[in-house]
Amino acid sequence: MICVFSLGPWLDSLHGNSILNLFENISRLGYQVKVVLPSTSNKLVKNKSFSVIGLKVKRTGPITTFLSPYLWKHFMKILSENRPSTLIFDTWMLPLFLLAKLLYKSEGILQILSRPVGQSGFKGWLSFLSFRLLLMLSKGFVNRVTAVSPFEAVEFSRMAKIPKDKMMVLPSPLGEQFTKRSPIDKDQLRLKLGLDVLLSKKVLLYHGVLHEGRGILKVLEIFANSFKGDDEIALLLVGDGPAKDSVKRFILDNEVHNIIFHGPVPYSSMPEIIEASDVGLVLLPDHPWWRYQCPTKLIELLAMGKPVIASDLPGIRWIAGSSPSVVYLRNFTVSAFKEAIKKALMKRDRNIGQEMIDRFSSHSLALRLSKVVSTFARADLKKNEY
């Protein structure tokens, strides 16, 4: 039995579905898998050897959620009923894993999908300090610690003195929706999506969390300086986040009519949004928060055969390498941006889509994770031989 305990809002977030799909794929490999996490409502999803339990909580932040007596009551009940051989958990679930290890000799995988990002000042410092301390406490008890890229793995190993053989690269998985491409005419698709204003235009797509720390306002600024008033090109923004009001204000104040703010869409609709676009933008600041990240939206765009303009960061290079589908933007200048757009509109790499599926699909990552879990079982058998 594999139990997964997380404080991640996987049942209530856009990309949470792809992470749950990873564990569902592990269950298809012959394991009983149960995922337990907080949600905005009580939920139970059960399918043969795979189940997901959502426990209703008021979303106030990881620390408050972690301290919830209601959650811990259910965590302990589920733990005692299932006695898992393997526990997969995030940093805040370390105390629960230690109990499982003590009571049921459970093996442990600490899954880290992201380091703390988005907060600066004292709150940011405290968040990162808590993360590092939990990482350091984990190293003596867990069997593996995951990171989304090899560079993050090296960073975590260094900052918490975790042996390298305990580190494992496990990115966020590519959702199954992005592996089944059925190209249709872009303008027909734009009409279907209610994006009539984009008909006959070259469309740049920026999708995901709208956060000033991710450089969204710089992206708007360079686009406005490069293409304001251009009837042939448009920037489509799809997503939500704390910078939403700043984004709307920028568009209004600068009268950039070819920046279209669409807002968030269901995760199941994103493949169509990508298909209706011409070029994807994956532009992030060169900051420790993002430098070694493995942006899921980059994988989604490439899996669907879209050319991309991306920041030249190590994590992005690890995903895309020297693929002709990616134009790296090294300088945030009007001339560099215009040249990148020109190149991207001519780019195509027929092999990159299948490469992304082979490397990052839920099934591929499930195979990788199951190989690690199976080594625990073999180790236990070997112990029992003595």
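So which helices (runs of 4 or more DSSP H) stay within the stretch 273-372 end to end and still have 2 or more residues that are in contact with a helix residue (DSSP H, G or I) (Cβ under 7 Å, 6 or more places away or on another chain) and surrounded by 23 or more Cβ atoms within 10 Å (Cβ to Cβ)?
In the stretch 273-372, the matching helices (runs of 4 or more DSSP H) lie at 296-303, 314-320, 352-360.
Of everything in the stretch 183-232 that's under 27 Å from Glu339 (Cβ atoms), among the β-branched types (Val, Ile, Thr) and in contact with a strand residue (DSSP E or B) (Cβ under 8 Å, 6 or more places away or on another chain), which residue is surrounded by the most Cβ atoms within 10 Å (Cβ to Cβ)?
Ile216
Can you run down the residue pairs with Cβ atoms below 6 Å, 6 or more apart or on separate chains, where the first is in the stretch 362-376 and over 17 Å from Glu176 (Cα atoms) and the partner is charged (D, E, K, R)?
Close Cβ pairs satisfying both conditions: Val372/Arg144; Phe376/Glu107.
State yes or no: is Val372 modelled with pLDDT of 90 or more, in the same structural domain as Leu301 (by TED's automatic domain parsing) and out of contact with any Cys (no Cβ under 8 Å at 6 or more places or on another chain)?
no
Output the qualifying pairs, or none if there are none: Cβ atoms under 7 angstrom, residues six or more apart or on different chains, first residue in the stretch 112-133 and closer than 12 Å to Trp289 by Cα, second residue hydroxyl-bearing (Ser, Thr, Tyr).
Pro116/Ser127; Gln119/Ser127
Using the structure shown, decide if Glu152 is of a type in the set (Asp, Glu), surrounded by 22 or more Cβ atoms within 10 Å (Cβ to Cβ) and over 24 Å from Ala340 (Cα atoms).
Yes.
Under 9 Å between Cβ atoms, which residue pairs at least 6 apart in sequence (or on different chains) link something in the stretch 189-201 that is under 17 Å from Glu232 (Cα atoms) with a partner that is among the acidic types (Asp, Glu) and not in a loop (DSSP other than H, G, I, E, B)?
Arg190/Asp196; Leu198/Asp187; Leu199/Asp187; Ser200/Asp187
The values are calculated or read from the model by the stated rules, or taken from the named source; none is laboratory data. This one's a predicted model, so the numbers in the text were calculated from it and none came from an experiment. Methodologically, a virtual Cβ is constructed for each residue, glycine included, from the backbone with ideal geometry; neighbour enumeration extends over all protein chains shown.
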